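The values are calculated or read from the model by the stated rules, or taken from the named source; none is laboratory data. The model shown is predicted, which means the values in this text are computed figures rather than measured ones. In this analysis, Cβ positions are derived from the backbone assuming ideal geometry, glycine residues included, and neighbour counts consider all displayed protein chains. Please note that ligands, DNA and RNA were not included when accessible areas were found on the heavy atoms of the full protein model with its side chains. Shrake-Rupley method; radii C 1.70, N 1.55, O 1.52, S 1.80 Å.
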Amino acid sequence: MSGNIEKVSIVISKGGLADIYPGLIMANGARMEGIEANLFFTFFGLDAIRKGVNAKIKVATVGNPGMHMPTILGAIPGMSAMATMMMSKKMDALDIPPIPEFIELIGETGCEMFGCKATVDMFGLSKEDFVPEMKEIITVGEFYEMSHGGQIIFT
Amino acid sequence: MTSKTIAGVEVEVDAEGFLQKPDQWNEEIAKEIGKEYGVEDLTDRHWMVINFMRNEYLANGAAPSIRALGKKSGVSVKELYQLFPKGPAKLAAKIGGIPKPKGCI
């Protein structure tokens, strides 16, 4: 393999299990290939690095065409919890960790994590609301500066 | 698949330099591959990881994930990246003479 990509900045902009995992897997995968990586969490993607919140993230069973399930069934109480449990089991078998453990693991690989200032302000949050792996709350401008020389991946 | 001579031994490797037959491997080969990929000296900590990977592969037919490495090899994920900066799972597999790890994690 030519190994031309040397750096990636991955944006995680959506909440919900199925929207957070792909970015995390890509960030970890980049580090496994020796590619420099950093993560920028914005809007509901911030849930992935919110203390406590990140342990309770579920699969969306309503408004998620990937579930192949009529909306009315997805809305039944407990459906989202059940889908989450099933998916978590399968992921664990593949050695994909739960989100809080995955964030710790990715932090240990040397991938830096940042929160989006606009969203943090909008939700009335502060640095204490986030896991210690989050290095800083930064502006969009700072994100672009930090991404210099690499590829930006938006998820 | 091609043949290559490493540390005086002819071994079969794939296009990226991963040994295809773990039984063709020895410690001298490990040292030479390490040097080629920027790990000048293999310390006891390196050997812990390399031996763990080899044993897992020989026992299960697959290289362990980075998660399993961090939990079971005795070396944390953080240290793994210090020991093998250019990607610990792949580099330790290469030095340990086992085929390229196939997992995404």
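Tabulated values for the structure
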| quantity | calculated |
| --- | --- |
| Test: residue in region A:46-60 that is in contact with an Asp or Glu (Cβ under 7 Å, 6 or more places away or on another chain), away from chain B (no Cβ under 14 Å) and part of a loop (DSSP other than H, G, I, E, B) | yes |
| Strands (runs of 3 or more DSSP E) completely within region A:78-155 that count 1 or more residues being open to solvent by less than 40 Å² (accessible area, probe 1.4 Å) | A:112-116, A:134-138 |
| Helices (runs of 4 or more DSSP H) within region B:30-103 that include 2 or more residues within 11 Å of another protein chain (Cβ to nearest Cβ) and either at negative phi or touching a Gly at 6+ places or on another chain (Cβ under 7 Å) (or both) | B:66-72, B:77-83, B:88-95 |
| Which listed residue, of A:Phe143, A:Phe154, A:Phe130, is closer than 17 Å to A:Ala30 by Cα, at pLDDT 95 or above and aromatic (Phe, Trp, Tyr) | A:Phe154 |
| Residue within region B:84-96 that is open to solvent by less than 80 Å² (accessible area, probe 1.4 Å), out of contact with any helix residue (DSSP H, G or I) (no Cβ under 9 Å at 6 or more places or on another chain) and modelled with pLDDT under 95 present | no |
| Residue that is nearest to B:Ala89 (Cα to Cα), among those in region A:2-24 that are buried (at least 17 other Cβ atoms within 10 Å of the Cβ) and out of contact with any strand residue (DSSP E or B) (no Cβ under 9 Å at 6 or more places or on another chain) | A:Tyr21 |
